[in-house]
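The values are calculated or read from the model by the stated rules, or taken from the named source; none is laboratory data. Predicted model, so just to flag it, every value in this text is computed and none were measured. Here the Cβ positions follow ideal geometry from the backbone for every residue, glycine too, while neighbour counts run over all protein chains shown.
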Ligand code: ADP
């Protein structure tokens, strides 16, 4: 099973991908996480990606394309399938992805769009997001506040804000999404792959809707 999750920054792609992937034993592949790991490891790709990410811009297609293509070719991902979160994000990437799948004799099953036009809510979700520096669990100061301020509910580790979750950068990411990623909605609609879900729905409701649409139980 290969599913792409599409949606504005803050729409909840990561949270839902993780939930669905855990439940069905499918791998969750987040291009943002891959890039952040490359940065943390100080690789050449990480160093090149850094400036774009901090500014809320997209990392150039050829850099992201190469690293995602390498992951997609991995045995485990081919065998278990994956939920792609954050890739493709431009038409160039979508065409590259189509070509990679065709060459591997694989198909894309569905593209789930987490649709919302509530910009205020997206900004609140992004600026309120905190990530545990230890176990990487994600919480939100507004929507799922930690029991103890500044500490992760799961492991007690220190909560940190992602550098690109400040308000000006979050607004820039939303602008970039509208300009470069939204055209993918039409691209996948034309291929009959798009499933549009309301991103404002509650997590569990959304999960059962996704399961139903994918024929999973
Ligand atoms: P969000 O969806 O909340 O914006 P991500 O973690 O998916 O966050 O991405 C963080 C940043 O990583 C993006 O703003 C961008 O700079 C970079 N990035 C992630 N995926 C891609 C991609 N497919 N193409 C280009 N840049 C990407």
- Near pairs, Cβ below 8 angstrom, 6+ apart or cross-chain, from the stretch 39-51 (more than 14 Å from residue 64 (Cβ to Cβ)) to any residue that is within 13 Å of the ligand (Cβ to nearest atom): 40/46; 47/39
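Taking residue 4, is it free of Cβ contacts under 8 Å to residues at least 40 places away in the same chain and either near the ligand (Cβ under 7 Å from one of its atoms) or surrounded by 19 or more Cβ atoms within 10 Å (Cβ to Cβ) (or both)?
Details: free of Cβ contacts under 8 Å to residues at least 40 places away in the same chain: no; either near the ligand (Cβ under 7 Å from one of its atoms) or surrounded by 19 or more Cβ atoms within 10 Å (Cβ to Cβ) (or both): yes.
Judged against the criteria, residue 4 is not a match.
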- If residue 164 passes every condition in (1) within 16 Å of the ligand (Cβ to nearest atom); (2) modelled with pLDDT of 95 or more but one, which one does it miss? (2)
- Task: Might you check whether a residue that is surrounded by 14 or more Cβ atoms within 10 Å (Cβ to Cβ) and free of Cβ contacts under 8 Å to residues at least 12 places away in the same chain occurs anywhere in the stretch 79-93?
- Result: no
- Note on the structure: Checking 91, 6, 29 in turn, the sole residue that is in contact with a strand residue (DSSP E or B) (Cβ under 7 Å, 6 or more places away or on another chain), within 20 Å of residue 181 (Cβ to Cβ) and modelled with pLDDT of 95 or more turns out to be 6
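Taking the stretch 176-194 only, how many residues are within 16 Å of the ligand (Cβ to nearest atom) and assigned to a helix (DSSP H, G or I)? Give the derivation first.
Step one: filter the stretch 176-194 for residues within 16 Å of the ligand (Cβ to nearest atom), giving 176-185, 187-188.
Those still in the list that are assigned to a helix (DSSP H, G or I) too: 176-181, 183-185, 187-188.
Total satisfying the criteria: 11.
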- Task: Answer with yes or no whether residue 46 is over 16 Å from the mean Cα position of the chain (by Cα), at pLDDT 90 or above and either buried (at least 17 other Cβ atoms within 10 Å of the Cβ) or not in a helix (DSSP H, G or I) (or both).
- Result: yes
- Task: Consider residue 106 carefully, then state whether it is in contact (Cβ under 8 Å) with a residue 40 or more places away in the chain, farther than 16 Å from residue 184 by Cβ and surrounded by 13 or more Cβ atoms within 10 Å (Cβ to Cβ).
- Result: yes
- Mind listing whichever residues of the stretch 125-157 are surrounded by 13 or more Cβ atoms within 10 Å (Cβ to Cβ) and either touching a residue at least 24 places away in the same chain (Cβ under 8 Å) or closer than 20 Å to residue 181 by Cβ (or both)? 125, 126, 127, 129, 130, 131, 132, 134, 138, 157
- Note on the structure: Note on the stretch 195-217: residues more than 18 Å from residue 14 (Cα to Cα) and in a strand (DSSP E or B) are none
